[in-house]
Amino acid sequence: MAASAEVPAPSDAGKAEGEGPSPDDAVIFVGISLLLGIGSRHLLRGTRVPYTVALLTLGIALGSIEYGTSGGLGKLGAGIRLWANINPNLLLSVFLPALLFESSFSLEVHQIKRCMVQMLLLAGPGVLISTFFLGVAVKITFPYGWDWKTSLLLGGLLSATDPVAVVALLKELGASKKLNTIIDGESLMNDGTAIVVFQLFYQMVLGRSFNVGDIIKFLSQVALGAVALGIAFGIISVLWLGFIFNDTVIEITLTLAVSYIAFFTAQDAAEVSGVLTVMTLGMFYSAFARTAFKGDGQRSLHHFWEMVAYIANTLIFILSGVVIAEAVLNNDSHFERHGTSWGYVILLYVFLQVSRIVVVGSLFPLLQYFGYGLTWKEAIILVWAGLRGTVALALALAVKRASDNLDQSILKRELGTLFLFFTGGTVFLTLILNGSTVQFFLKLLDMDKLSTEKIRILNYARYEMLNKALESFGDLGDDEELGPADWPTVRRYITCLSNLDEGQIHPHNIGEGESYMQMMNLRDVRVRFLNGVQASYWGMLEEGRITQTTATLLMRSVDEAMDLVANDPLCDWKGLKSSVHFPYYYRFLQVSKFPQRLITYFTVERLESACYICAAFLRAHRVARRQLHDFLGESAIATAVINESNEEGEEARKFLEDVRVTFPQVLRVVKTRQVTYSILKHLSEYVQNLEQVGLLEEKEMFHLDDAVQTDFKKLLRNPPMVKMPKISELLSSHPLLGALPSAIREPLGSSTKETMKLHGVNLYREGSKPTGIWLISTGVVKWTSRNLTNKHSLHPIFSHGSTLGLYEVLIGKPYICNMVTDSVVHCFFIKSEKILSLLMSDPAIEDFLWQESAIVIAKILLPQIFEKMSMQELRGLIAERSSMNKYIRGEVVEIRPKSIGFLLEGFIKTQNDQEHLIASPAVLLSSQTDQSFIDLESSGVNSLIVCHAASRYQVETRARVMIFFDIGVSDADGALQKRSASWITQSGEPQRPLSKEHTGLLSWPEHLYKATGHHLSPNESIKQSTSFLSAKAVELSIYGSMVNVRCSPRRNILTGSTSNHSHSLSYPRVPSRTTNARSLVSVQSEGRERGMLKIIQAMNLKAKNSLLELILPVDSLSARPLELELGPSGDAMCTFCTTALLLCLIILGTVGDQSSRQCSC
């Protein structure tokens, strides 16, 4: 330390040797400039004068004192001289990338797309028109003897606009986004084109010659190469950004670094326009990387770049004023000889305004036609907004420094001084005159006024603010320590709520003669609604409910819909339709030789994205509807917009429902990702909150939060994927094949053909020869028929577990109806020969197949009774209350009251009508049945052909009849139409006791599980075997592949609650704290290890609570909230009984009485 203290500082050594100002003095200039910038912005806030005018004036004042006085400004003056002699290329490289990236990144992508043609017109042909107009005017009028190249160089230099002050003012006054985007976008683009034109003429001034071909090549290479380079840097950096997680510092630094590296690469390495490169990079980020920054990170990024742009503007304008003062004072001899130069500054300012009028006027027809169009009022503001600023001053400085260093025969020093003088003068005049009078023109043209509907909304909101203030006063106006507060005094300080004594008026109350307000209010509410939808998307992105790609797509759809709200209803779903459908390329993959699992993978990936979109769309619209209703109440206009939103959501709901029945695994995985992300986010916030309240030290908080962040990264890089079940598992879980013995099922399963049918595909057609059966794994199939059309068939569908075409294969007749897919259907096809071979293997299997075929026949022939019953209910009905018998000629079939028979095979006659044969398939009713319940008279089907009523039927040939007994069709309320398997409880027999294994689930036929006797007849043995197969089919229909899962002897962690909270059994149980449980205390008092253990336990509890909060509300990915309660003991249930209880609720709508809702194991 002592040795180092003896070494003199470099600045001291420099001063001792008399080498002039120290490099350290440059820092003083930066600090003083920033202070002057702060003071100017603070003092001029709320005035019409742009603060940049004050900065330029202050810079001229500082330069005048330093260069015009003998004493100077000391060390500040030394710093001024250092900055005044800075290399202009270094000045451009330091300030331009930051300014350009900030401006281009802040633009809205949708607005850019709509206004792109207008911006290109102004930045392309507009810059050329302005350059040549100014060049010609300067050549003709200025007395300096400049040639055409020099005059056009000044024209190109002054063609770069910089309307920063105007854009800020337009935003503050609430002018249209369209005008803001055109002015700001034109400024960005013509900065690039003006610099390119400047470089072209600058090369000419230095002696390089160009022909027309060289000029076109130069402009194309510099411009198009810059755009390509900007896109390349954007792609690489955005991909890199995707690997950065929750590190705002690195994310912001990456944007800063890539903007400067892109500018340097373009200018020096690729020799293209660095301005256009950075502009393209910023627009690329705005289009594809805006959603990569979430929450605090996005706000930090915005504030950072706003600060960088503010610092750059402050330094450039002050420095420009200093250099202008230096140029004038160091060349006073010139201005003494040419005193008219001051007048030519004013003349040049006039030329600038005239050139702007010529540019906008000549392009006005095209500007009016493309994009959003342009009115004559907006054209006037566009003309007056042509300010000059940073880029023009930087280019003038470059010419000044070049003239100081180059040979005087090439570029005279006087020329550089005049360029800087004229540029600084025009910048000063445009800022002080145009910038400060824009508000006057806006007021003169009535463009600064709020619309009538906005004024009404503001007044209405002020009353709502008053109500909120009163609520807050009620909560805060009195406390135990200080007592009550004085409301009149409080209100006197809230001046924004004064003058509200006239009474609240709803903004949509329209008086006489104001009918035109109806459409304006409707448009305004639609825009506000869509803004709410977009805000919800941002919230869902922050919560992890949607990905960045999905968020970009959703927000783009809202932007597109906002353009159409003036004339059309809400249509943001229109922009999402192309992304929400079953993949079109599936047909190609299906006919190709790709493996089926590879086809399924690509299909599932596409469906995942579509499910994210649909779920987010429905949730965002639901939130926006609630917020709109809470704010505006039962307004007719608000109700109309809410109805439009509901109508838009129908297609999204339909798609999710189709996915739910076709690929339920996709919805489960999507929801699992969302819940996992949200729980980890809750845990991170919980740990950080513990540190904020002092319960955790910072080091301990970082330790726990790092573990959570590690889990975050693992979730994002290796998220849960959809696991499609194996074909063998699907086949074994189907009620038909799964119920068969394994010795029969396995050979039959190996001969099945797996396929996936798109929506609207015919499985088979009515009247065609049966070729096989279809086992429906997932999806929905709808039946149609020319002869069996019935008005009661409101939902003529078959879903998972159905076996289609079996009856026709067994009986050998053509298909009786069309089977058409009503969604994407995953199914298996088995040829007829394989099924018919089973009939010879075992009589019990033959009877079982006939029973399975009767399910489809019952739903088709008598939909008013059986259509609303699910497949599992029908199978339970067959197992519990049906019998199937074979009859020979001469025997009598008796149908009792409250019973329904189905003739599956053969011919019979009624005893009253011996002339007409009844052919299969047919419905057999008792003559004592109340047919008004079935409503045969008004049905669209020919009842004489399908439905028959008699007390006894005579068998003509060998016949097979299935009879459903004790149906209760005479019940006036139609008990079977209820969703709760009411056929169990409404029979005339007393309810039999429930078996222990299935208590509370379903009333199984107990005789199927009783021990068989040793002396059974062959028919009884066949019936018992058939009953076992039917019972197995019912179990598979309800439980699927879980039938063979054994109950675990240990307690499951999934429990119910004895409280009134209706938690689903699929959620983890959250243990409640007992009254004597110790609360969380300081880590110090318990010791660090025990304290950390308690924190982890608390985090576990927090995660479980978060899971309950996240899943319990109804959302788009769950069919409905599950309301299950366990028995009074509240004990945990094993996995099998828990799942059984849950499935019974979903399928049957009931789980029995309260006492049965407990584990039976």
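Taking residues in the stretch 102-113 that are within 20 Å of Val558 (Cα to Cα) and of a type in the set (D, E, K, R), and partners anywhere that are open to solvent by 50 Å² or more (accessible area, probe 1.4 Å) and not in a loop (DSSP other than H, G, I, E, B), the pairs with Cβ atoms closer than 9 Å and at least 6 places apart or on different chains are Glu108/Lys177. Picking from residues in the stretch 734-759 that are over 37 Å from the mean Cα position of the chain (by Cα) and charged (D, E, K, R), the one that is least open to solvent (accessible area, probe 1.4 Å) is Arg745.
Mind checking whether some residue in the stretch 854-866 is closer than 25 Å to Ile727 by Cβ and either touching an Asp or Glu at 6+ places or on another chain (Cβ under 6 Å) or of a type in the set (D, E, K, R) (or both)? It would help to see each step written out before you state the result.
Residues of the stretch 854-866 closer than 25 Å to Ile727 by Cβ: 855-856.
Filter again for either touching an Asp or Glu at 6+ places or on another chain (Cβ under 6 Å) or of a type in the set (D, E, K, R) (or both), leaving none.
No, because not a single residue in the stretch 854-866 is closer than 25 Å to Ile727 by Cβ and either touching an Asp or Glu at 6+ places or on another chain (Cβ under 6 Å) or of a type in the set (D, E, K, R) (or both).
Only a single item in (1) modelled with pLDDT of 80 or more; (2) assigned to a helix (DSSP H, G or I); (3) over 30 Å from Thr452 (Cα atoms) is not met by Gly192, and it is number (1). Only residues that are open to solvent by less than 40 Å² (accessible area, probe 1.4 Å), assigned to a loop (DSSP other than H, G, I, E, B) and touching a helix residue (DSSP H, G or I) at 6+ places or on another chain (Cβ under 8 Å) were counted across the stretch 760-791, and they come to 6.
The set of residues in the stretch 697-728 that are among the hydrophobic types (A, V, I, L, M, F, W, C), open to solvent by less than 90 Å² (accessible area, probe 1.4 Å) and over 29 Å from the mean Cα position of the chain (by Cα) comprises Met701, Leu704, Ile727.
Within the stretch 876-906, being touching a Lys or Arg at 6+ places or on another chain (Cβ under 9 Å), part of a strand (DSSP E or B) and aliphatic (A, V, I, L, M) holds for Met884, Val892, Val893, Leu903, Leu904. Annotation: of all residues in the stretch 911-927 being part of a strand (DSSP E or B) and surrounded by fewer than 18 Cβ atoms within 10 Å (Cβ to Cβ), the one that is modelled with the highest pLDDT is Ala919.
Go over the candidates Val533, Val565, Val525, Val558 one by one and state the one that is open to solvent by less than 20 Å² (accessible area, probe 1.4 Å), part of a loop (DSSP other than H, G, I, E, B), at pLDDT 75 or above and not polar (S, T, N, Q). Walk me through it before giving the result.
On the way: Val533 fails: part of a loop (DSSP other than H, G, I, E, B); Val525 fails: part of a loop (DSSP other than H, G, I, E, B); Val558 fails: part of a loop (DSSP other than H, G, I, E, B).
Answer to the check: Val565.
Every condition in (1) buried (at least 22 other Cβ atoms within 10 Å of the Cβ); (2) out of contact with any helix residue (DSSP H, G or I) (no Cβ under 6 Å at 6 or more places or on another chain) holds for Arg881 except the one numbered (1). Condition check for Gly145 on (1) open to solvent by 50 Å² or more (accessible area, probe 1.4 Å); (2) outside any helix (DSSP H, G or I); (3) at pLDDT 85 or above: one failure, at (3). Cβ contacts < 8 Å: first residue open to solvent by 60 Å² or more (accessible area, probe 1.4 Å), restricted to the stretch 356-378; second residue of a type in the set (Lys, Arg), any location; separation 6+ or different chain. Result? Pairs found: Tyr372/Arg114; Tyr372/Lys178. Scanning the stretch 21-68 for residues that are open to solvent by less than 70 Å² (accessible area, probe 1.4 Å), of a type outside the set (A, V, I, L, M) and more than 17 Å from Gly435 (Cα to Cα) yields a total of 14.
Screening Glu808 against (1) surrounded by 21 or more Cβ atoms within 10 Å (Cβ to Cβ); (2) of a type in the set (D, E, K, R); (3) over 18 Å from Ala858 (Cβ atoms) leaves a single unmet condition, (3).
Kindly indicate the residue of the stretch 612-661 that is of a type in the set (S, T, N, Q) and surrounded by fewer than 23 Cβ atoms within 10 Å (Cβ to Cβ) and also farthest from Val824 (Cα to Cα) among those meeting that condition. Lay out the reasoning, then the answer.
Going through the stretch 612-661, the residues of a type in the set (S, T, N, Q) turn out to be 627, 635, 639, 643, 645-646.
When the remaining residues are screened for being surrounded by fewer than 23 Cβ atoms within 10 Å (Cβ to Cβ), the result is 627, 635, 639, 643, 646.
Numbers: Gln627: 36, Ser635: 41, Thr639: 35, Asn643: 29, Asn646: 25 Å.
Per the criteria, the residue is Ser635.
Can we say Ile830 is under 43 Å from the mean Cα position of the chain (by Cα) and in contact (Cβ under 8 Å) with a residue 12 or more places away in the chain?
Numbers: under 43 Å from the mean Cα position of the chain (by Cα): yes; in contact (Cβ under 8 Å) with a residue 12 or more places away in the chain: yes.
Here the answer is yes, as Ile830 does meet what is asked.
Among the residues of the stretch 466-489, is there at least one that is of a type in the set (A, V, I, L, M), at pLDDT 75 or above, open to solvent by 90 Å² or more (accessible area, probe 1.4 Å) and closer than 26 Å to Val525 by Cα? Looking for residues that are of a type in the set (A, V, I, L, M), at pLDDT 75 or above, open to solvent by 90 Å² or more (accessible area, probe 1.4 Å) and closer than 26 Å to Val525 by Cα, one finds none in the stretch 466-489, hence no.
Each row is one residue, and each column tells you yes or no for (1) in a helix (DSSP H, G or I); (2) closer than 17 Å to His734 by Cβ.
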{"position": "Pro814", "(1), (2)": "no, no"}
{"position": "Val820", "(1), (2)": "no, no"}
{"position": "His826", "(1), (2)": "no, yes"}
{"position": "Ile830", "(1), (2)": "no, yes"}
{"position": "Ser853", "(1), (2)": "yes, yes"}
{"position": "Ile865", "(1), (2)": "yes, no"}
{"position": "Leu874", "(1), (2)": "yes, yes"}
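Limited to the stretch 676-713, what total is found for residues that are in a helix (DSSP H, G or I) and either small (Gly, Ala, Ser) or under 15 Å from Phe245 (Cβ atoms) (or both)? Let's see the steps before the verdict.
Filtering the stretch 676-713 for residues in a helix (DSSP H, G or I) gives 676-692, 698-713.
Those left that are additionally either small (Gly, Ala, Ser) or under 15 Å from Phe245 (Cβ atoms) (or both): 676-678, 680-681, 684, 705-713.
Counting residues in the stretch 676-713 that are in a helix (DSSP H, G or I) and either small (Gly, Ala, Ser) or under 15 Å from Phe245 (Cβ atoms) (or both) gives 15.
When Thr803 is tested against (1) surrounded by fewer than 17 Cβ atoms within 10 Å (Cβ to Cβ); (2) modelled with pLDDT of 90 or more; (3) of a type in the set (Val, Ile, Thr), exactly one condition is not met: (1).
Scoring Leu731 on the criteria (1) surrounded by fewer than 17 Cβ atoms within 10 Å (Cβ to Cβ); (2) within 22 Å of Lys1032 (Cα to Cα) leaves a single failure, condition (1). Are any of the residues in the stretch 116-127 open to solvent by 10 Å² or more (accessible area, probe 1.4 Å) and outside any helix (DSSP H, G or I)? Scanning the stretch 116-127 turns up at least one residue that is open to solvent by 10 Å² or more (accessible area, probe 1.4 Å) and outside any helix (DSSP H, G or I). Taken over the stretch 833-860, the criterion of being under 17 Å from Met962 (Cβ atoms), of a type in the set (D, E, K, R) and more than 43 Å from the chain's Cα centre (by Cα) is satisfied by Glu846, Asp847, Glu852. For Leu429, the criteria (1) modelled with pLDDT of 80 or more; (2) open to solvent by less than 10 Å² (accessible area, probe 1.4 Å); (3) aliphatic (A, V, I, L, M) hold in every case but one, which is (2).
Test Val272 against the criterion of being crowded, with 17+ Cβ neighbours inside 10 Å and either outside any helix (DSSP H, G or I) or at positive phi (or both), and give yes or no. Considered against the rule, which asks whether it is crowded, with 17+ Cβ neighbours inside 10 Å and either outside any helix (DSSP H, G or I) or at positive phi (or both), Val272 comes out as yes. Among the residues making up the stretch 325-372, those that are assigned to a helix (DSSP H, G or I), at pLDDT below 85 and of a type in the set (Phe, Trp, Tyr) are Phe335, Trp342.
Give the stretch 540-577 a look and list any residue that's touching a Gly at 6+ places or on another chain (Cβ under 7 Å) and basic (Lys, Arg), or say none. Listed by number, the list holds a single entry, Arg556.
Contact map, the stretch 277-300: residues that are without any contact (Cβ under 8 Å) to a residue 60 or more places away in the chain paired with residues that are of a type in the set (Asp, Glu) and assigned to a helix (DSSP H, G or I), Cβ distance under 7 Å, separation 6+ or inter-chain. Pairs shown: Phe293/Glu251; Gly297/Glu251. Scanning for something assigned to a helix (DSSP H, G or I) and surrounded by fewer than 18 Cβ atoms within 10 Å (Cβ to Cβ), does the stretch 78-85 turn up at least one residue? No, the stretch 78-85 has no match at all.
The values are calculated or read from the model by the stated rules, or taken from the named source; none is laboratory data. These numbers were taken from a predicted model, which means no experiment stands behind them. All Cβ positions, glycine included, derive from the backbone under ideal geometry; neighbour counts span all protein chains shown. Side chains included, ligands, DNA and RNA excluded: accessible areas come from the protein's heavy atoms. Shrake-Rupley method; radii C 1.70, N 1.55, O 1.52, S 1.80 Å.
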